[in-house]
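The numbers here are math on the coordinates, done by the rules we state, and not lab data. Predicted model only: the values in this text are computed from it and were never measured. FYI the Cβ positions are ideal-geometry reconstructions off the backbone, even for glycines, and counts take in every protein chain you see.
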Amino acid sequence: MDKISVLIPVHGESSLLERLLTDLLEDPHPSKEVLVVIDEPTETSLHLVEKFRDRIVFILNGERVGKANALNEAFKRATGNILLFLDSDVQLQGVGAGFLGILEGEMEEVDILDIKKSKVRCSFLDKLVNYEYLGSSLVSYFFSKRVGKTLGLNGAAFAIRREAFERLGGFRRTIVDDFDLMTRSFLEGLSFRYTARVSVSIKPQSGWKDWYRQRRRWGVATGVWLKDYHTSLARVLVRKPQVMLPALLLLMPSLLFIFLSCLIPDAIYYEVLVLALLVLARYFSLALPLMLLVGISVTKNAIVFVLTYIVFSGIYGFAARKLGYPFDPVEFLCYCLIYAPLSLLMHIIGIFRVMVHKDMIDLDWKT
């Protein structure tokens, strides 16, 4: 039986930390340890330290050293064969079934395990964000089945074998620590698996302002990741386009809309539109003048969007049933129409900022 070390970084405090620690301590796995690193602890955090001091290892930093440094520090004191990294704002799902025991079984013969993540659906924004998590899980599942390695994952919950973590040299001092670690694992040939047998839920989004700040960070992090690994990623794209291109479209459905709108010749659309208008004109006398009034380009984009929605609603709907996510066609329509384009725009802006400012990016991150 493998010993599991659970490593949790905290900045200040987390409203979900006490429940997370309680669930971990109550898990029936016989060989485990929990290590919590707290940067700039608050009174609430110090109260939890006193409450769990005898059962959990706490590392307190008087200043903010950052997630990557905190986890590397915790690793030095960990003794487990399996390292489980959890953010402090997650809740374990299916605790009664033995979360850690199932996780240990899923880690057989693999170096890295990605764990299913979903958003607590308290608001309409949370419901839209959950489809982003579904897309991320779908890509992890896709890489797990097709390649057996991964270029990146959401670092809120994942496990890695100790020898693999040591081989990679731990987290690098970068704002994109989780993707950086996984990309290096891909280049090193470390094996990977995605599982939905254990899962975590992530606390609700506090609002669009909080979403904007988070996606702004993620956009810049994506730019830094591409800047650091563009050569390696280009090689992977050339060698495995059948994996990389579908994965990119699954993560960002709006790219398919852009592709169909810009890269397919307009002549094809015009021929289809003319044929459709002629058919409609037989049954609706105002159809042809109305379409001409709206404009061919607007009608073309509307048709492209409908086709994009149909394609991805089928893919995401199937993935939701397969991986255990909720799926609602109306919610997903809003996701495709509003959320996905905004998310893509934030990533494009972040990448552009990195390209223009290079090493001058400063978003109050500590690495």
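Quick one: putting +1 on the C-beta of Lys and Arg, -1 on the C-beta of Asp and Glu, what dipole do you get for region 4-205 around its Cα centre, in Debye to the nearest 20? Each step should come with its number before you reach the end.
Working: 26 positive and 29 negative charges, 115 e Å.
Computed about the Cα centre, the dipole is about 560 debye.
Diagonalising the gyration tensor over the Cα atoms of the chain and scaling each eigenvalue by 5 before taking the square root yields semi-axes of 42, 21, 21 Å, largest first. Taking θ as phi - 60° and the Karplus parameters 6.51, -1.76 and 1.60, the scalar couplings of region 16-23 work out to 9, 5, 4, 5, 4, 5, 4, 4 Hz in sequence order, x denoting glycine and proline. Compactness of region 164-221 is given as radius of gyration and Dmax, 14.9, 40 Å, from Cα positions. When only the Cβ of Lys, Arg, Asp and Glu is charged (+1, +1, -1, -1), the dipole of the chain relative to its Cα centre reaches about 920 debye. Counting neighbouring Cβ atoms within 10 Å and putting the fewest first, the residues D39, D126 line up as D126, D39. Close amide-amide hydrogen proximity is noted between T150 and F186, each under 5 Å apart and 5 or more residues distant or on a separate chain (H modeled in the peptide plane; Pro and chain starts excluded).
Scanning residues 5 or more positions from V6 or on other chains, those with amide H under 5 Å from its amide H are E33, V34, L35, L84, with H placed 1.01 Å from N in the peptide plane.
Tell me, rounded to the nearest percent, the portion of alpha carbon pairs in region 112-198 spaced more than 17 Å apart. Kindly include the intermediate steps, with their values, before the conclusion.
Numbers: 1801 of 3741 pairs.
The proportion of pairs with Cα distances above 17 Å equals 48 percent.
Summing Lys and Arg as +1 and Asp and Glu as -1 over all other residues whose Cβ lies under 13 Å from the Cβ of V176 gives a net charge of +2. Read phi for every residue in region 170-177 and hand back ³J(HN,Hα) as whole Hz from Karplus 6.51 cos²θ - 1.76 cosθ + 1.60, θ = phi - 60°, with x for Gly and Pro. Going residue by residue, I get x, 6, 7, 7, 8, 6, 10, 4 Hz, with x marking Gly and Pro. Average projection, convex hull of the Cα set of region 4-205: 10.8 square nanometres.
Among the trypsin sites (Lys or Arg not before Pro) within region 59-131, those in coil by DSSP and having at most 15 neighbouring Cβ atoms inside 10 Å are R64. Mean separation of Cα pairs under 8 Å and 6 or more residues apart, divided by the residue count, gives the chain a relative contact order of 19 percent. The spacing between region 217-235 and region 108-128, judged by their C-alpha centroids, is 23 Å.
With 22 Å as the limit on Cα-Cα distance, the pairs of K149/K240; K240/K322; K149/K322 that go past it are K240/K322. Given R0 = 45 Å, the distance between the Cβ atoms of V330 and I102 translates into a calculated FRET efficiency of 0.85. With neighbours defined as other Cβ atoms within 10 Å of a residue's Cβ, the residues W208, W225, W218 order from fewest to most as W208, W218, W225. Using C-alpha pairs under 8 Å with a sequence gap of at least 6, the mean separation divided by the residue count of region 4-205 gives a relative contact order of 27 percent. Using bins of 10 Å that start at zero, the share of Cα-Cα pairs per bin across region 89-133 amounts to 23, 40, 29, 9, in whole %.
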